[in-house]
Amino acid sequence: MRKKLSLLICLLLLFPSLTCAESIASFPENIDSMILVKQSVIPGKDVVLPEETPLFLQETVKKYNWINNGKGTKLNIFVPEDKLELYKSHGPYPDGITAVAIYEDQDIVFVTEHMAGQPLYGTYNRDGVDISDTHPSLKIKACYQCHEGYADICKNGTCATPIIEIFK
């Protein structure tokens with residue numbers, strides 16, 4: 001708890017020039033008991049997106065299409081059962097884990113947690129090891145840049161456009 005509090009203070013003092021290097025959100029020990037709310041994909045690096053693809057999706061694909069050696073990956077989003085109704089309306093959220101997004105082919109786990117009404121982010125592997133320093137797109141600063149930069153899609157720390165819809 002002390003580490004999380006010091007990281008939160010770092011976040012609050014340095015925002016918007018967030019430089020904290022490690023994950024701030026907690027790794028959820030109960031992912032398997034969460035509710036699957038959305039399935040999507042990150043297409044491979046050779047996929048050309050349609051011109052009408054929203055900028056948020058274009059940027060997301062560009063940022064993460066390196067995963068799985070550029071072949072693309074499935075994305076599953078899970079929400080704790082007690083936050084399901086809040087997730088549908090994008091909060092506001094009480095303290096605790098809010099949502100977990102997993103790039104399944106490489107077991108990259110993105111966590112959104114809320115504390116005092118503010119979203120916190122973390123990037124882990126399935127074993128709970130912080131991997132936020134292993135690639136620029138996994139850094140916590142990248143989470144904040146995207147989630148804050150696309151306020152029309154990302155509200156209260158969660159974003160809502162499934163990439164898979166473009167390919168239907």
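Readers should treat all values here as calculations from the given coordinates under stated rules, not as data from a laboratory. Predicted, not measured: the structure shown is a model, and the values here were computed from it.
Taking amide H positions as modeled 1.01 Å from N, with prolines and chain starts lacking one, the residues under 5 Å from ILE131 and 5 or more places away or on another chain are THR123, TYR124, ASN125.
Under a 5 Å amide H cut-off, with hydrogens placed 1.01 Å from N, VAL41 pairs with LEU75, ILE163, ILE164 among residues at least 5 apart or on other chains. Under a 5 Å amide H cut-off, with hydrogens placed 1.01 Å from N, GLN106 pairs with nothing among residues at least 5 apart or on other chains.
Phi angles across the stretch 136-143 convert, under the Karplus curve 6.51 cos²θ - 1.76 cosθ + 1.60 with θ = phi - 60°, into 3J(HN,Hα) values of x, 6, 9, 5, 4, 4, 5, 4 Hz, Gly and Pro given as x. Each residue of the stretch 28-35 was assigned a 3J(HN,Hα) from its phi angle through the Karplus curve 6.51 cos²θ - 1.76 cosθ + 1.60 (θ = phi - 60°); the sequence is x, 7, 10, 4, 5, 9, 7, 8 Hz, with glycine and proline shown as x. Each 5 Å bin from zero up to the one holding the largest Cα-Cα distance in the stretch 62-151 carries the following percent of pairs: 3, 13, 22, 27, 19, 12, 4, 1.
Whole-Hz Karplus values for the stretch 95-106 come out as 4, x, 4, 9, 7, 9, 10, 10, 7, 5, 5, 10 Hz, taken residue by residue from phi with 6.51 cos²θ - 1.76 cosθ + 1.60 and θ = phi - 60°; glycine and proline positions read x.
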